[in-house]
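Okay, so here's the structure we're looking at.
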Amino acid sequence: MGSVEKSKENLSKCICMKCPSYSFACKMKAMPKNVMSMMKGDISKVEHMEGLFCSFGISKCITEEKGCICGDCKVYKENNLTNSYYCLVENGK
């Protein structure tokens, strides 16, 4: 995956959960696994999480473009990212 660090700090800045492409059904489906991953002290070794897609890779639930807010995210800006839809396309498009 890209160079965005898998960290609780980046996760706390992440706005993926507010994205219009991230449906309510996807959020509910991902919640138990995401909560378990977030409880770990170090998430750098977590293979996949439904969020922080610029770091963890594409969603296993999101299937269509309904709008992208990546450009509004602090993680996006701090890491000089230039693409969008990291949830649908590896390394964005």
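The values are calculated or read from the model by the stated rules, or taken from the named source; none is laboratory data. Here the structure is a predicted model, which is why all the values come from computation and not from measurement. Cβ placement follows ideal geometry from the backbone for every residue including glycine, while neighbour counts extend to all protein chains displayed.
Look through GLY2, GLY41 and report the one residue that is at pLDDT below 95 and buried (at least 16 other Cβ atoms within 10 Å of the Cβ).
Going through GLY2, GLY41 in turn, just one is at pLDDT below 95 and buried (at least 16 other Cβ atoms within 10 Å of the Cβ): GLY2.
Return the pair list, or none, for Cβ contacts closer than 7 Å from residues in region 65-93 that are without any contact (Cβ under 8 Å) to a residue 12 or more places away in the chain and in a loop (DSSP other than H, G, I, E, B) to residues that are surrounded by 14 or more Cβ atoms within 10 Å (Cβ to Cβ) and not small (Gly, Ala, Ser), at least 6 apart or on different chains.
Pairs that qualify, where the first residue is without any contact (Cβ under 8 Å) to a residue 12 or more places away in the chain and in a loop (DSSP other than H, G, I, E, B) and the partner is surrounded by 14 or more Cβ atoms within 10 Å (Cβ to Cβ) and not small (Gly, Ala, Ser), are LYS93/ASN83; LYS93/TYR85.
Just checking, how many residues over region 1-33 are more than 22 Å from LYS45 (Cα to Cα) and touching a Leu at 6+ places or on another chain (Cβ under 8 Å)?
Count: 1.
Of the numbered conditions (1) surrounded by fewer than 18 Cβ atoms within 10 Å (Cβ to Cβ); (2) within 12 Å of the chain's Cα centre (by Cα); (3) not in a loop (DSSP other than H, G, I, E, B), LYS33 fails exactly one; give the number of that condition.
(2)
In this structure, does CYS54 turn out to be in contact with a helix residue (DSSP H, G or I) (Cβ under 8 Å, 6 or more places away or on another chain) and not small (Gly, Ala, Ser)?
So CYS54 fits the description; yes.
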